[in-house]
1. Show me 58-67, 7-16 ranked by packing, highest mean number of other Cβ atoms within 10 Å first.
2. What list do you get for Glu53, Glu30, Glu24 if you sort them by fewest beta carbons within 10 Å?
Amino acid sequence: MIFKFDANQEYQIRAIEAVANLLEGQAYNEVDSTFTFGTGVAAVANRLDLDEETIFKNLQLVQTQNNITRAIR
């Protein structure tokens, strides 16, 4: 599957912002690494520090901002 991002499509920008807003409050993890082509596989571990309640509150806010009926918990 290939995803094609077109920065001129407003709906794509709004979708990216909505997903990013779900992670509001997540600490930024700065990586002090240099990746060089051809040196092998390099990876940075994903880490989620937000608890379920914070993510749910973020979801409700995103839904409100986008005029989406709130999910029932």
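No lab work stands behind these numbers, since they all come straight from the coordinates. Computed from a prediction, not measured in an experiment: that's the story for all the values here. Don't worry about glycine lacking a Cβ; one is built from the backbone with ideal geometry, like all the others, and counts go over all protein chains shown.
1. By packing density, highest mean first, the sequence is 58-67, 7-16.
2. Ordered from fewest to most neighbouring Cβ atoms within 10 Å, Glu53, Glu30, Glu24 come out as Glu30, Glu53, Glu24.
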